[in-house]
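The values are calculated or read from the model by the stated rules, or taken from the named source; none is laboratory data. The structure displayed is predicted, hence computed values, not measured ones. Note: ideal-geometry Cβ built from the backbone for every residue, glycine included; neighbour counts use all protein chains shown. With ligands, DNA and RNA removed, areas are computed over all heavy atoms of the protein, side chains included. Shrake-Rupley method; radii C 1.70, N 1.55, O 1.52, S 1.80 Å.
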Amino acid sequence: MSTTTSHQSFAVHPSDHCVPDDERAALLAAPRFGTVSTDHMARITWTAADGWHDRRVEPYGPLSLDPACAVLHYAQEVFEGLKAYAHADGSVWTFRPGANAARFARSATRLALPELAEADFVESLRALVAVDKAWVPTGEEMSLYLRPFMFASEAFLGVRPAQQVDYLVIASPVGAYFTGGVRPVSIWVERGYHRAGPGGTGAAKCGGNYAASLLPQTFGYDHDCDQVCFLDARTKTVLEELGGMNVMVVGADGTVRTPPVSDAILQGVTRSSILALLTDAGHEVREEPVVLAELLAQIASGEVAEVFACGTAAVMTPIGRLVGDDFDVTVADGGAGPLTMSVRAELTDIQYGRRLDRHGWLHRLA
């Protein structure tokens with residue numbers, strides 16, 4: 001029979017059905033992104049009457065939802081994504097969880113959900129990783145992906161903010177985001193469909209934004225592309241972001257440009273970290289609109305040497321090709337550019353504890 005123990009503010013209810021050690025070792029040997037979950041999940045409940053309460057770590061398992069559950073009808077939900085990294089001394093750390101907590105709170109506000117305090121957010125990660133530390137992989141490019149999310153769990157058919165909300169954290173051991181590891185990817189530039197618009201939910205990390213990107217993504221697949229880059233909804237001329245990543249452009253002179261964050265672009269934690277590292281290294285960094293027509297001309301002339309995408313899951317991914325309904329352009333020699341790969345190496349070295357963390361970005365979980 002399970003026993004209940006206390007882990008600071010989170011009660012821990014151990015699972016009776018943990019994956020055996022040998023099976024877990026086999027799963028960790030070659031993890032596939034988002035396909036395997038650890039033995040437990042962290043959870044907190046919120047009600048309008050009682051606020052946040054019942055903090056616990058419990059066995060991972062299906063959720064029981066009423067068919068009238070508000071999230072199923074009105075998509076009132078937000079989520080985050082970050083990773084836990086195994087260091088050489090056996091400790092486990094995460095990267096800038098305070099920034100994720102702040103973005104999670106902003107997303108919640110935009111979706112009329114209650115804000116979760118940063119202390120609860122970070123402690124939920126620590127409590128889960130402490131219980132499931134054995135699930136943190138140690139191989140090259142491997143980590144434990146952490147997925148905090150919040151959804152309207154009230155059973156109610158009515159268009160208003162929910163009076164009951166659940167917050168959970170699940171975790172999945174992962175390797176490289178793209179099959180085959182770090183390699184240049186091809187990007188379909190979508191003109192007809194848009195991920196978000198002015199005044200919408202583009203700056204919030206909510207499922208609806210990703211759902212809106214899926215159909216255009218199939219168009220990309222039809223053109224032998226890996227991902228989709230969206231243009232602004234107002235003029236259809238300016239790059240915004242990929243379906244799940246920010247985008248950056250490297251000039252031949254070392255200048256780096258990226259679209260400025262707005263109510264239509266997600267404020268990426270990896271994005272801001274890269275900009276800081278580039279500034280540290282003396283590169284000129286400009287947050288300014290990137291006009292598609294100008295970018296294509298600059299790639300052709302050699303003024304643009306590299307283009308890359310960045311985000312928590314993939315970290316940094318070189319873009320080797322941009323494709324649209326009337327263009328197909330290869331960036332430089334189509335390979336992974338030196339600046340992209342050097343900054344990626346610096347960032348991942350910090351995350352895995354191989355390089356000094358000058359900015360104080362790391363937070364120990366176990």
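Side notes on the structure shown:
- Counting only strands (runs of 3 or more DSSP E) that fall entirely inside region 1-54 and contain at least 1 residues that are modelled with pLDDT of 95 or more, the qualifying elements are 10-12, 40-47.
- Residue match in region 68-77 (condition: under 30 Å from residue 158 (Cβ atoms) and among the charged types (D, E, K, R)): yes
- Residue within region 322-334 that is open to solvent by less than 60 Å² (accessible area, probe 1.4 Å), among the polar types (S, T, N, Q) and either at pLDDT below 95 or touching a strand residue (DSSP E or B) at 6+ places or on another chain (Cβ under 6 Å) (or both) present: no
- Scanning region 295-307 for residues that are surrounded by fewer than 20 Cβ atoms within 10 Å (Cβ to Cβ) and either charged (D, E, K, R) or touching a residue at least 60 places away in the same chain (Cβ under 8 Å) (or both) turns up just one, 303.
- Comparison of 39, 54, 50 shows that the only residue that is within 25 Å of the chain's Cα centre (by Cα), acidic (Asp, Glu) and farther than 23 Å from residue 207 by Cβ is 39.
- Among the residues of region 161-183, those identified as more than 30 Å from residue 24 (Cα to Cα), part of a loop (DSSP other than H, G, I, E, B) and in contact with a Phe, Trp or Tyr (Cβ under 9 Å, 6 or more places away or on another chain) are 162, 163.
- Complete set of residues in region 126-158 that are buried (at least 17 other Cβ atoms within 10 Å of the Cβ), within 16 Å of residue 78 (Cβ to Cβ) and under 19 Å from the mean Cα position of the chain (by Cα): 146, 148, 149, 150, 151
- Qualifying residue in region 17-26 (condition: touching a strand residue (DSSP E or B) at 6+ places or on another chain (Cβ under 7 Å) and open to solvent by less than 50 Å² (accessible area, probe 1.4 Å)): no
- For region 62-86, a residue qualifies if it is open to solvent by 20 Å² or more (accessible area, probe 1.4 Å) and more than 14 Å from residue 208 (Cα to Cα), and the qualifying residues are 62, 63, 64, 65, 66, 67, 68, 86.
- Complete set of residues in region 347-366 that are outside any helix (DSSP H, G or I) and either buried (at least 16 other Cβ atoms within 10 Å of the Cβ) or in contact with a strand residue (DSSP E or B) (Cβ under 6 Å, 6 or more places away or on another chain) (or both): 352, 353, 361, 362, 363, 364, 365, 366
Yes/no matrix, rows are residues, columns are (1) outside any helix (DSSP H, G or I); (2) in contact (Cβ under 8 Å) with a residue 40 or more places away in the chain; (3) in contact with a helix residue (DSSP H, G or I) (Cβ under 8 Å, 6 or more places away or on another chain); (4) more than 25 Å from residue 205 (Cα to Cα):
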{"position": "273", "(1), (2), (3), (4)": "no, yes, yes, no"}
{"position": "289", "(1), (2), (3), (4)": "yes, yes, no, no"}
{"position": "309", "(1), (2), (3), (4)": "yes, yes, no, no"}
{"position": "345", "(1), (2), (3), (4)": "no, no, no, yes"}
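- Tally, over region 87-115, of residues that are closer than 19 Å to residue 145 by Cβ, touching a residue at least 40 places away in the same chain (Cβ under 8 Å) and surrounded by 17 or more Cβ atoms within 10 Å (Cβ to Cβ): 11
- Filtering region 271-286 to residues that are among the aliphatic types (A, V, I, L, M) and either open to solvent by less than 40 Å² (accessible area, probe 1.4 Å) or closer than 20 Å to residue 187 by Cβ (or both) leaves 274, 275, 276, 277, 278.
- Failed condition for residue 198, given (1) under 23 Å from residue 149 (Cα atoms); (2) open to solvent by 60 Å² or more (accessible area, probe 1.4 Å): (1)
- Checking each residue in region 275-287 for being assigned to a helix (DSSP H, G or I) and either among the polar types (S, T, N, Q) or under 21 Å from the mean Cα position of the chain (by Cα) (or both) picks out 275, 276, 277, 278, 279.
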